[in-house]
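Notes follow once the structure below has been shown.
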Amino acid sequence: MNAQSNVTVSKARFVLGSRGSTAGRPIALVLGSGFTGLSGMVKTVQRVPYTSMEGFALPPNISLQKMPEATIGTIDGASVIVYPRRLHLYHGYTAFEVTTLVRHARSCGCHTVVFVGASGAVDPSAEARLGLVSDHLNLTGENPLAGWRRSTDSFVPMEHAYDAELRDMAKKVASERGIDLLEGVYAEMRGPSLETPAEVRALRVLGATFVGMSLSLETIMARALGMRVLALTLATNPAGASGVSHRSVRAEVTSSARDLEAIVRGVVSRI
């Protein structure tokens with residue numbers, strides 16, 4: 001770890017260890033496209049540039065000026081680190097680099113990570129609904145643990161990748177607030193092209209409920225680091241549908257942000 005990263009992590013640990021009712025077990029929130037407004041829930045104490053994180057790489061198609069900052073602070077008294085933009089394979093990152101935010105969170109003492117993002121509805125009943133991920137299909141052809149030297153066994157168990165207790169907590173919060181929450185399997189594709197009709201049919205056969213371009217690689221790393229994982233997704237459109245764009249996805253996200261915020265807040269306050 002370089003000196004700058006070391007100082008950043010030390011400061012983060014100090015802040016998280018000295019504030020909030022859950023000091024000593026901060027929660028990481030990693031947000032996908034359109035969900036950066038959830039950062040507004042945080043009572044900010046400190047900001048950490050992505051560029052100061054150990055192992056961070058800047059792909060050639062990403063401007064340094066567009067790089068976001070993680071927010072350290074509290075939500076309703078709970079210590080959190082919020083990462084407002086995820087890293088993707090289609091940006092030009094390697095599978096290991098995609099997991100930079102997860103590794104940074106763990107180095108700051110986070111033992112629980114909540115992923116929030118958008119997806120396409122493979123199951124027609126999932127369209128325009130909030131989803132709770134119970135399992136995933138990693139269809140990227142990549143694995144962030146490949147070639148990574150670990151002190152423990154590289155064969156990381158994944159049968160309970162998405163924590164059952166956290167899922168039950170999310171379902172209870174949703175029920176209490178009258179929010180419709182669909183549980184299902186998330187398939188990750190490499191992107192950035194969207195799915196073909198044939199791919200959508202294949203995904204249905206494989207048992208996928210949602211499809212997107214993130215999550216599985218980050219979850220694999222989180223589990224390798226001993227972290228508990230909760231993943232929430234908003235199925236903004238039918239998978240493989242025509243007319244889907246980044247703008248249309250963000251518009252759908254905006255309309256459902258309040259319900260998602262309520263679930264995240266409710267879960268964070270109970271962990």
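The values are calculated or read from the model by the stated rules, or taken from the named source; none is laboratory data. Worth saying up front: this structure is predicted, and the values here are computed from it rather than measured. Positions of Cβ are backbone-derived with ideal geometry, glycine not excepted, and every protein chain shown enters the neighbour counts.
Just to verify a result, which residue in the stretch 97-150, among those that are among the small types (Gly, Ala, Ser) and assigned to a strand (DSSP E or B), is modelled with the lowest pLDDT? Checking each candidate, the answer is Ala118. Residue under question is Glu195, and the condition is that it be under 28 Å from Thr100 (Cβ atoms) and either in a loop (DSSP other than H, G, I, E, B) or aliphatic (A, V, I, L, M) (or both); does it hold? The answer is yes for Glu195. The residue that is farthest from Leu225 (Cα to Cα), among those in the stretch 164-198 that are of a type outside the set (A, V, I, L, M) and surrounded by 18 or more Cβ atoms within 10 Å (Cβ to Cβ), is Glu195.
May I ask you to say which residue of Arg204, Arg190 is in contact (Cβ under 8 Å) with a residue 60 or more places away in the chain and either farther than 21 Å from Ala222 by Cβ or touching a His at 6+ places or on another chain (Cβ under 8 Å) (or both)? First the steps, then the outcome.
Values: Arg190 fails: either farther than 21 Å from Ala222 by Cβ or touching a His at 6+ places or on another chain (Cβ under 8 Å) (or both).
Going through Arg204, Arg190 in turn, just one is in contact (Cβ under 8 Å) with a residue 60 or more places away in the chain and either farther than 21 Å from Ala222 by Cβ or touching a His at 6+ places or on another chain (Cβ under 8 Å) (or both): Arg204.
When Arg201, Arg167 are checked against the criterion of being at pLDDT 95 or above, over 19 Å from Gly117 (Cβ atoms) and not in a strand (DSSP E or B), a single residue qualifies: Arg201. A search for C-beta distances below 7 Å between a residue of the stretch 62-78 that is assigned to a helix (DSSP H, G or I) and any residue that is surrounded by 14 or more Cβ atoms within 10 Å (Cβ to Cβ) and at pLDDT below 80, counting only pairs 6+ apart in sequence or on different chains, returns Leu64/Leu58. When Ser119, Ser134, Ser125 are checked against the criterion of being among the polar types (S, T, N, Q) and more than 17 Å from the chain's Cα centre (by Cα), Ser125 stands alone in meeting it. Please verify whether the stretch 79-96 includes one or more residues that are assigned to a strand (DSSP E or B), over 15 Å from the mean Cα position of the chain (by Cα) and of a type outside the set (Phe, Trp, Tyr). Looking through the stretch 79-96, at least one residue is assigned to a strand (DSSP E or B), over 15 Å from the mean Cα position of the chain (by Cα) and of a type outside the set (Phe, Trp, Tyr). Looking only at the stretch 214-264, residues that are farther than 15 Å from Pro144 by Cβ, among the aliphatic types (A, V, I, L, M) and at pLDDT 95 or above come to 3 in all.
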